[in-house]
Structures are given as structure tokens and as C-alpha cells.
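Structure first, then comments.
The values are calculated or read from the model by the stated rules, or taken from the named source; none is laboratory data. These figures come from a predicted structure and were not determined experimentally. Ideal geometry is used to build each Cβ from the backbone, glycine not excepted, and the neighbour counts take in all protein chains shown. The area values use the complete protein model at the heavy-atom level, side chains included, leaving out ligands, DNA and RNA. Shrake-Rupley method; radii C 1.70, N 1.55, O 1.52, S 1.80 Å.
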Amino acid sequence: GVDFSFYKHSTLQRRIIRQMVLSKHNRLSAYLEFLGKTPEEVEKLFNDLLINVTSFFRDPRAFQALKTKVFPRLVKAHSDDSPIRFWVCGCSTGEEAYSLAMSLVEFFDQTRNHRPVQIFASDISEKGVTRARVGIYPENIVQDVSPERLRRFFTKVDGQYQVAKSIRDMVIFARQNLITDPPFSNLDMITCRNVLIYLGAIL
């Protein structure tokens, strides 16, 4: 039910070829026939086309810039009871949205300038959104999350890390097709770097 016509064709081709190799098909026509008979393969291809590649605090300089240049301006523009509203498009499994929430908490603590916050995070993948809501991630996030942040914002659960409830409560996750569904309104900031790189110029 998703139209990939205007996604970057080079990206689509790479992902389709990858799934053809994994399913042992060397002709596109044979793979197409296989897709027609195998709903679970359609689901696999769909999830592969979405390219859920993300991490916590990806490009730390960007998050530092938010704290020094963006958050102060947003706080100044809002009264004490007026919520600052963010939208994370293509949130995948939630790492970017939670990184934003943690950065805001750190900024508020450092500046002693708290404001109500609403973070909306959306993705076309129901699977990704469901995982994001739970907020449980593998142990290897230690490569991207500092010991201080792990201690403050996560709890250990069966050898994995779960985002603290106080941070999870800051984010509202929803399934959304960016191309066909209406956007969120009255926003102060949109982060869309997880999604724009996959879209063609028309989109």
C-alpha cells in the first residue's frame, strides 16, 4: 500500500537486488512472480526498502548545535506554559527522537530554564514505531551513548537497555506516510535527516 515511485531509484534497485539474492532469484521476472505468491516476502522487501539505519546521537556535533544555537532561541520564543513542539520524521526505531528528548532534558538542567515539550515521532513502518514505543535497545548502544547518559536515561533489562519512562513519556510515536498523510502543525522544529536522503527530488 506504499508508493515508492519517487523514492531514489538507485536505492530501490540496490535493496531489490539484495532481496533477490537472499531469496535465490537471479531474474527480476522470477522474483516478481515469487512476490505475487509469497506475502511474507512482500513484507520482507517492504521492510528492507525502508532502510532502518539509525543510532543514538548520530553526528554528536548536530546535537551540540541544538543545545547552543537552537534550543535557546526556542525557549526565548515561548512563554513558560507554552509547549515547544518537535517532529521527528522517519523516526525508524526511535533513537533520534529519544536523543532529542535527552538533549532537551540536559539543556533544561544546564540552563535551569524548563519548558513543556511535545515531541512527535512518525514512521511509515508499524514495526519500527512499535519497537520505538517500547524503547529497548541492544547492549551495543554503549558505542554511541556515554556512561553518564546510560546511567541517567536508561535501565538495564535482560542484558539490554530500556529508555527511562520519563524520556519515553516525552515522545508520541505514530505510524505515518509522509508522502500522503497530513503533517503535524504548529511546529517549532522538524528533524528529517533520516528520511530526506531516500527521497527523489519531486518528493
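Some points to look at:
- Qualifying residue in region 142-149 (condition: in contact (Cβ under 8 Å) with a residue 12 or more places away in the chain and of a type in the set (S, T, Y)): no
- Within region 34-51, the set of residues being charged (D, E, K, R), over 22 Å from the mean Cα position of the chain (by Cα) and open to solvent by 70 Å² or more (accessible area, probe 1.4 Å) comprises K37, E40.
- Selection within region 52-86: residues that are under 11 Å from the mean Cα position of the chain (by Cα) and buried (at least 18 other Cβ atoms within 10 Å of the Cβ). The member of this set that is modelled with the lowest pLDDT is T54.
- Restricting attention to region 13-32 and to residues that are farther than 26 Å from L199 by Cβ and not in a loop (DSSP other than H, G, I, E, B), the residue that is least open to solvent (accessible area, probe 1.4 Å) turns out to be A30.
For (1) in a helix (DSSP H, G or I); (2) surrounded by 13 or more Cβ atoms within 10 Å (Cβ to Cβ); (3) out of contact with any Ser or Thr (no Cβ under 7 Å at 6 or more places or on another chain), each residue gets a yes or a no:
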residue	(1), (2), (3)
I141	yes, yes, yes
L150	yes, yes, yes
T155	no, yes, yes
S166	yes, no, yes
P183	no, no, yes
I190	no, yes, yes
A201	no, no, yes
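- The numbered conditions (1) aliphatic (A, V, I, L, M); (2) out of contact with any strand residue (DSSP E or B) (no Cβ under 7 Å at 6 or more places or on another chain); (3) assigned to a helix (DSSP H, G or I) are all true for V2 except (3).
- When the residues of region 87-131 are filtered to those that are of a type in the set (K, R) and assigned to a loop (DSSP other than H, G, I, E, B), the one that is surrounded by the fewest Cβ atoms within 10 Å (Cβ to Cβ) is R112.
- Condition met for N177 (assigned to a loop (DSSP other than H, G, I, E, B), out of contact with any Leu (no Cβ under 6 Å at 6 or more places or on another chain) and either under 16 Å from Y7 (Cβ atoms) or of a type in the set (K, R) (or both)): yes
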